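All remarks here apply to the structure that follows.
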Amino acid sequence: MSEILVATGLHAGYGLSTVLEGISVALRPGHICAILGRNGVGKTTLIRTLCGHCRVREGSVRLAGEDVTNLAPHLMATRSVGLVPQGRRLFRSLSVREHLTVGARHAAAGAHGWTAERVLDTFPALRGRLSNLGGMLSGGEQSMVAIGRALVGNPRVLLLDEPSEGLSPALVKQVGDVLQMLRDDGIAILLVEQNFGLALRLADTVHIMSKGRIVHSGSADELQLRAGDQGTVPGDLRRAGMPASRGVDCAAGQENRPPEARRRDTRFVR
């Protein structure tokens, strides 16, 4: 099946700082592409650039053949691009029910679409929390809401920035199971992760980033063979930017952004 989202030669950054230097990725329906690498290499900037939050200085982004380079984020959402941002970024003043309502969009004709009810069937722990505000939820519950908020937009493309960050092993497994289900539904998924084990379990294609560039690309099966039964990352991949253990689940950094790009926004749960 042909690619639905193609980014070619992306250069992007913040102010006078350049973070991405010639990044190219392609997403296909029903496939998961994982982006791995240490803190500060540009993974979050790549997500932000693809969904319109960070301006492309050079290169292009095409969605289903349409040039969407530097299209505003709300217009990307109308084209069925969903985002689960780093840190979940729920609105403190909105309830769980409101988070699952404000971004809802109809599914394509004939598709088995996502509704708030389907999200609650997938994450039943949220049923008893519908009236709770974003700031009243645990980290695991926030992750469920952030994923559900993206799903009710019925995306063709889903961008996830470290969805396993700070979660217990049981919740990491649940998130992984949901992503596998979404892949089976035909959604194209870009997964930014530092959890090597989760990425290998889910991804079809893996890119490793270092200093704003992709320095290694291959299949998850290839990396699994190289890691071996103990999950030890080979030395050349560690030098390229991989953590040393496939079980690592590190908190993400703030990348090479100036202070104004890292300023805390108190509207959101962090």
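Hey, can you find the accessible area per residue of region 33-137 for me, probe 1.4 Å, expressed in square angstrom? Mind dumping the intermediate values first?
Details: 4990 Å² over 105 residues.
Here the per-residue accessible area is 48 Å².
For region 137-176 and region 57-121, what is the centre-to-centre distance using only Cα atoms, to the nearest Å?
Value for the Cα centre distance between the two parts: 13 Å.
Based on the Cα atoms of region 16-120, what semi-axes does the equivalent ellipsoid have, where each is the square root of 5 times one gyration tensor eigenvalue, given in whole Å with the largest first? Intermediate results must be reported in sequence, preceding the final value.
Values: eigenvalues 141, 68, 39 Å².
Each semi-axis is √(5λ); the values are 27, 18, 14 Å.
Please report, in cubic angstrom per residue, the volume enclosed by the convex hull of the alpha-carbon atoms of region 26-81. Before the final figure, lay out each step's value.
On the way: hull volume 5.2 nm³, N = 56.
Output value, Cα hull per residue: 93 Å³.
Given region 71-110, report the % of alpha carbon pairs whose separation exceeds 11 Å.
Numbers: 571 of 780 pairs.
Beyond 11 Å sits 73 percent of the P(r) for region 71-110.
Just need the relative contact order of region 31-138 here, percent rounded to a whole number, with Cα pairs under 8 Å and 6+ apart. Before the final figure, lay out each step's value.
Details: 74 pairs, mean separation 22.8, N = 108.
It rounds to 21 percent for region 31-138.
In region 103-227, carbon and sulfur make up what percent of the accessible area (probe 1.4 Å)?
On the way: 2680 of 5010 Å².
That fraction is 53 percent.
Give a residue-ordered list of calculated ³J(HN,Hα) values for region 64-76 (Karplus: 6.51 cos²θ - 1.76 cosθ + 1.60, θ = phi - 60°; whole Hz; x for Gly, Pro).
Each residue of region 64-76 in turn: 6, x, 8, 6, 10, 4, 6, 5, 4, x, 5, 6, 5 Hz.
At 4 °C and 1.567 mPa s, what whole-number value in µm²/s does Stokes-Einstein give for the translational diffusion of region 136-218, with Rh from the Kirkwood sum over Cα pairs? Could you put the intermediate results ahead of the total?
Details: Rh = 13.6 Å.
Approximately 95 µm²/s, per Stokes-Einstein.
The values are calculated or read from the model by the stated rules, or taken from the named source; none is laboratory data. Not measured: the values here are computed from a predicted model. These area figures cover heavy atoms from the full protein model, side chains too; ligands, DNA and RNA do not enter into them. Shrake-Rupley method; radii C 1.70, N 1.55, O 1.52, S 1.80 Å.
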